[in-house]
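So the structure is just underneath, and the comments pick up after that.
The values are calculated or read from the model by the stated rules, or taken from the named source; none is laboratory data. These numbers come from a predicted model, not from an experiment. When we count neighbours, we look across all protein chains shown, and the Cβ atoms used for this are built from the backbone with ideal geometry, even at glycine.
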Amino acid sequence: MKISRLVEQIPPSGIRAFFDLVLGMKDVISLGVGEPDFVTPWNIRERAIYSLEEGYTSYTSNKGMAELRRDISRHLQNKYGLKYDHEEEILVTVGVSEAFDLAIRAIVEKGAEVLITDPCYVSYGPIVTLCAGTPVPIKTPSEKGFKISPKDINKACSSGTKAIILNYPTNPTGASYSRKELTAISEIVARRGLIMLSDEIYCELTYDFGHTAFPVLPGMKERTVYLNGFSKAYAMTGWRIGYACGPREIIAAMTKIHQYTMMCVPITSQMAAREALKSGDRAIQEMKREYRRRRQFVVSRLNEIGLSCHMPEGAFYAFPSIRSTGMSSMEFAGKLLASQKVAVVPGTAFGASGEGHVRISYASSFENLKEALSRMERFLKDRP
Ligand SMILES: Cc1ncc(COP(=O)(O)O)c(C=O)c1O
C-alpha cells in the first residue's frame, strides 16, 4: 500500500515508542507521561454529570458554545487585560493539540519555514512537516537556560520564514521567560514579520515569576495565535478541550478546517470547561502548591545523586543532564527501566538537542518520586 510521502517522513512519537515498552512491564514507576496525577476537581466533574442528566447531549456551534467563548474572553480579560471578541476571535478545540494543528494548517503551505525550539514538544515538527512546511530547529542548550534569544531567531530566519512556535513554560525543560525577555523576542518577531504561535498550556504552573501572555506585548495581538487549554491546569487531559485566540482571518481559516474535521468539541467537555473557568482557581492553587514542593525535592535529589539539574521555572518537568554517566539519553533511559523499573523519557524524543538529558515528570505522587529517586541513586552507584 502506498502511504503519503509526507506521512512517511514523520517518525512515530518518541514518547509513545518508549512507553509501549513500559506498558508490558510490572511495578514500573513511570515519570514519563506529561499529565497531572490529580483527577479533575469534583465540582467540574459534577457539572458535567449534571449536564448529561439535564439532557445536554447534542452538537454545539462549530466554534464552541457561545457561553463558553464568552467565559474564555472574560477570563483572558480579567487575567491579562486581553480583549478577544468571542464571536470572531476565539475557537474552542479538541485540546491544544487540535488548536495547534489547525493553526499550522491555516498558515503553512509548501516550502514555508517555521521556527521551533530544540528540544520542544513532540508534535510541533511533525505537524509542520505534514503541511509540507519545513520546521527549522533553534538549539536551546542548558548553557542558555534552555531559552531562545532574539539573536538566535534572527539568525534562523530566511525570506521563507512564516512563523515561530514558542511554548512557555516549556515542555520538556521547564524553562520560562520573563516579560523583558519576551519583549525582546517580540521586537524581532515584528521586525521579521513573523506569525507567533504561542503555546501557553502551562501558564498556570509558574513558580518563580508571573506569567506574561505573549499577545499582551505591544503589537503582538495582531500577529499571535494564542493557544491554551484545560488539560494541565485543571487536570482535564481526558476531556480533550482547549482553545485558540487570534486575528479573525486566522481564526476563520482554522474554523473552516475544524468544521470539516471535528465539527465541535463534545458538549459535556464544554460544560465542564465552563465550570473550570468559573470555580477552578482554588484547585489550581492547591495542585500548584504540591507541584512546587515536588519540584524542590526532585531537583535537589537529582543534584545530590550526581545528575546536574537546573531549577525549572514552570510546568511539571525536570530535565537533568545525564552526561556525567557517559551514556546516551536513550541508553540511560533503557538501562534505568530494565534494571530499576523507573521510566523517564530520553531527551532526544524532543529533538536532537535533547541528547545528554532525560525528562522527569514530577506530576507523580511524592512517595513515587521518593522511591524513583532512590532507585536512580542505586542505578548510578551500581554502574560498573
Ligand atoms: C506544550 C504542550 N502543548 C500541547 C499539549 C497537548 O495538550 P492538550 O491535551 O490540550 O491537547 C501538550 C501535552 O503534553 C504540551 O506539553
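Below are the figures for this structure:
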read-out	value
Pair list, Cβ < 9 Å and 6+ apart or interchain, from the stretch 85-99 residues that are more than 13 Å from Leu68 (Cβ to Cβ) to residues that are part of a helix (DSSP H, G or I) and near the ligand (Cβ under 7 Å from one of its atoms)	Gly95/Thr237
The lone exception for Arg69 - which of (1) crowded, with 18+ Cβ neighbours inside 10 Å; (2) under 23 Å from Gly314 (Cα atoms); (3) out of contact with any Ser or Thr (no Cβ under 6 Å at 6 or more places or on another chain) it fails	(2)
Single condition Lys180 does not satisfy, out of (1) away from the ligand (no atom under 16 Å from the Cβ); (2) in contact (Cβ under 8 Å) with a residue 12 or more places away in the chain	(2)
Residue match in the stretch 178-189 (condition: part of a loop (DSSP other than H, G, I, E, B) and either more than 30 Å from Asn78 (Cβ to Cβ) or not small (Gly, Ala, Ser) (or both))	no
Options Arg293, Arg274; residue that is assigned to a helix (DSSP H, G or I) and surrounded by fewer than 14 Cβ atoms within 10 Å (Cβ to Cβ)	Arg293
The stretch 191-219, subset in a loop (DSSP other than H, G, I, E, B) and closer than 17 Å to Ile90 by Cβ, residue farthest from the ligand (Cβ to nearest atom)	Ala213
Residue tally, condition under 30 Å from Arg293 (Cα atoms), of a type outside the set (S, T, N, Q) and at pLDDT 95 or above, over the stretch 172-209	16
Residue, surrounded by the most Cβ atoms within 10 Å (Cβ to Cβ), within the stretch 119-137, restricted to residues that are within 18 Å of Val189 (Cα to Cα) and within 16 Å of the ligand (Cβ to nearest atom)	Pro135
Residue among Gly14, Gly24, Gly32, Gly81 that is within 20 Å of the chain's Cα centre (by Cα) and surrounded by fewer than 19 Cβ atoms within 10 Å (Cβ to Cβ)	Gly14
The stretch 125-160, residues that are touching a helix residue (DSSP H, G or I) at 6+ places or on another chain (Cβ under 9 Å) and under 13 Å from Glu113 (Cβ atoms)	Val128, Thr129, Cys131, Ala132, Gly133, Thr134, Pro135, Val136, Pro137, Ile138, Ile153, Cys157
Residue tally, condition within 11 Å of the ligand (Cβ to nearest atom) and either farther than 30 Å from Leu76 by Cα or touching a Ser or Thr at 6+ places or on another chain (Cβ under 6 Å) (or both), over the stretch 96-116	1
Considering residues of the stretch 159-174 that are away from the ligand (no atom under 12 Å from the Cβ) and of a type in the set (A, V, I, L, M, F, W, C) only, the residue surrounded by the fewest Cβ atoms within 10 Å (Cβ to Cβ)	Ala163
Hey, Arg240 within 19 Å of the chain's Cα centre (by Cα) and surrounded by fewer than 21 Cβ atoms within 10 Å (Cβ to Cβ) or not	yes
Helices (runs of 4 or more DSSP H) wholly inside the stretch 42-121 that include at least 1 residues being in contact with a strand residue (DSSP E or B) (Cβ under 9 Å, 6 or more places away or on another chain) and not β-branched (Val, Ile, Thr)	66-80, 95-107
Subset of the stretch 228-259 (residues that are among the hydrophobic types (A, V, I, L, M, F, W, C) and within 25 Å of Glu286 (Cβ to Cβ))	Phe230, Ala233, Ala235, Met236, Trp239, Ile241
